[in-house]
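First comes the structure, then the notes that go with it.
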Amino acid sequence: MNEPANKELVVEMRGIKKHFAAVQALRGVDLALHRHEVLGLMGDNAAGKSTLMKVLSGAYTPSEGGIFINGEGVHFSSPMDARRMGIEMVYQDYALSNNLDVAGNVFMGREVVQFKLGPFGVMDYAHMELETKKLLNRLKIDIPSVRQKVERLSGGQRQAVAIARATAFDAKVIIMDEPTAALSVAAIDKVIDLIRQLKAQGSSVIIISHRLEDIYRVADRMIVLRQGRKVCDTPVEGDIHEFRERVVAYMVGARDDFAETAVQQSQEA
Ligand SMILES: Nc1ncnc2c1ncn2[C@@H]1O[C@H](COP(=O)(O)OP(=O)(O)O)[C@@H](O)[C@H]1O
Ligand SMILES: [Mg+2]
């Protein structure tokens, strides 16, 4: 099934805490991501999954804790900072511009300038279209024309464009927040294939999903968050029924592999 991940460490998050006023969204989370690895992130609503990934993608600054890329400490003040380090997040709501075509969306915010006309750049649409076509082909994404407005695409196609956009500039780490939540079964299969493509091409992927089947099919390793803490960090293996039982036990709090750390933390606090 899923091959064992190469152990080259790409990203490490250590002791990440994040609070919003009185809400402790993250209470000291460690996360490691390796090259060629697909990491599943699970947990009940409000467990802190999106917040943890927003910290990694530069949308939120952590209240405490550190992020290390290839062993070096980094500070992200914005998603642009994370992007420069090769980290891209695909948002739950796709964040595409309906009135732009596919190529326009893939290149949104980083349009290729053909030449400068005084203070204005003239866009090189031909280049952007060609690059978008190449990108869609490489990821085996089937969209008839890169000139199609995205508002006319299906949910699955939109998700594919959002993922392609995230990978357009050699992202090393691609984070997806519930990429399959609103999709049909066939479209989910496509997204799973796409994640496998990304992995085969050397990227690392973190996928948040409440669909255990997706994680089971595509992830090498899985982390479960509960109430802002990591309660499980384990390879994805074994029989799916056994896997499901195990995951549910962690999600509801019947199992906790890091309970000791939690006690330590509450003594420190
Ligand atoms: N911007 C914010 N302002 C205030 N509270 C937030 C914000 N973002 C998340 N939270 C809170 O942090 C907790 C974790 O949320 P979130 O990370 O979205 O959980 P999940 O993605 O696991 O459902 C929740 O209690 C949520 O209400
Ligand atoms: Mg969320």
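Every number in this text was worked out from the coordinates using simple rules, so none of it is lab data. Please read these numbers as outputs of a predicted model, since none were measured by experiment. Here the Cβ positions follow ideal geometry from the backbone for every residue, glycine too, while neighbour counts run over all protein chains shown.
Of note:
- For the pair Asp124 and His241, the difference between a 0.36 nm per residue extended length and the Cα-Cα distance amounts to 36.9 nm.
- Our coupling estimate for region 186-193, obtained by passing each phi through the Karplus curve with A = 6.51, B = -1.76, C = 1.60 and θ = phi - 60°, is 5, 5, 4, 4, 5, 5, 4, 4 Hz, Gly and Pro reported as x.
- Residue order, fewest to most surrounding Cβ atoms within 10 angstrom, among Met80, Met53: Met80, Met53
- A dipole drawn for region 13-79 from +1 and -1 charges on Cβ atoms has a positive end, and of Asn70, Ala25, Gly40 the residue lying farthest that way is Ala25.
- For the cross-link pairs Lys7/Lys149; Lys133/Lys190; Lys18/Lys133, the ones whose C-alpha atoms lie over 29 Å apart are Lys7/Lys149; Lys18/Lys133.
- If the chain linking Glu213 and Ala259 were pulled fully straight, counting 0.36 nm for each residue of separation and taking away their Cα-Cα distance, it would gain 13.9 nm.
- Residue list for region 8-38, given a label point 7 angstrom along the Cα-to-Cβ vector of Ser63 and an amide N cut-off under 17 Å: 14-30
- Cα-centred dipole magnitude for region 115-269, charges only on beta-carbon of K, R (+1) and D, E (-1), debye, nearest 20: 740 debye
- Listed peptides 12-22, 172-182, 149-159 by packing density, highest first (mean Cβ within 10 Å): 172-182, 149-159, 12-22
- In order along region 96-107, the Karplus-derived 3J(HN,Hα) couplings, from 6.51 cos²θ - 1.76 cosθ + 1.60 at θ = phi - 60°, round to 9, 9, 4, 7, 9, 7, 4, 4, x, 6, 4, 9 Hz, and Gly and Pro are given as x.
- Applying D = kT/(6 pi eta Rh) to the chain, where Rh is the Kirkwood radius over alpha-carbon pairs, T corresponds to 37 °C and eta to 0.692 mPa s, the Stokes-Einstein value obtained is 169 µm²/s.
- Computed 3J(HN,Hα) for region 42-57, one whole-Hz value per residue from the Karplus formula 6.51 cos²θ - 1.76 cosθ + 1.60 where θ = phi - 60°, is 10, x, 5, 3, 6, 5, x, 4, 5, 4, 4, 6, 5, 5, 5, 9, glycine and proline marked x.
- Amide H to amide H, with H built 1.01 Å from N, Gly43 comes under 5 Å of Leu225, counting only residues 5 or more places away or on other chains.
- Candidate aspartates and glutamates - alpha carbon under 16 Å from Lys230, same-chain residues fewer than 8 apart omitted: Glu12, Asp30, Asp44, Glu64, Asp256, Asp257, Glu260
- Distant-in-sequence amide contacts of Lys230, defined by a placed amide H-H separation under 5 Å and a gap of 5 or more residues or a different chain, comprise Asp30.
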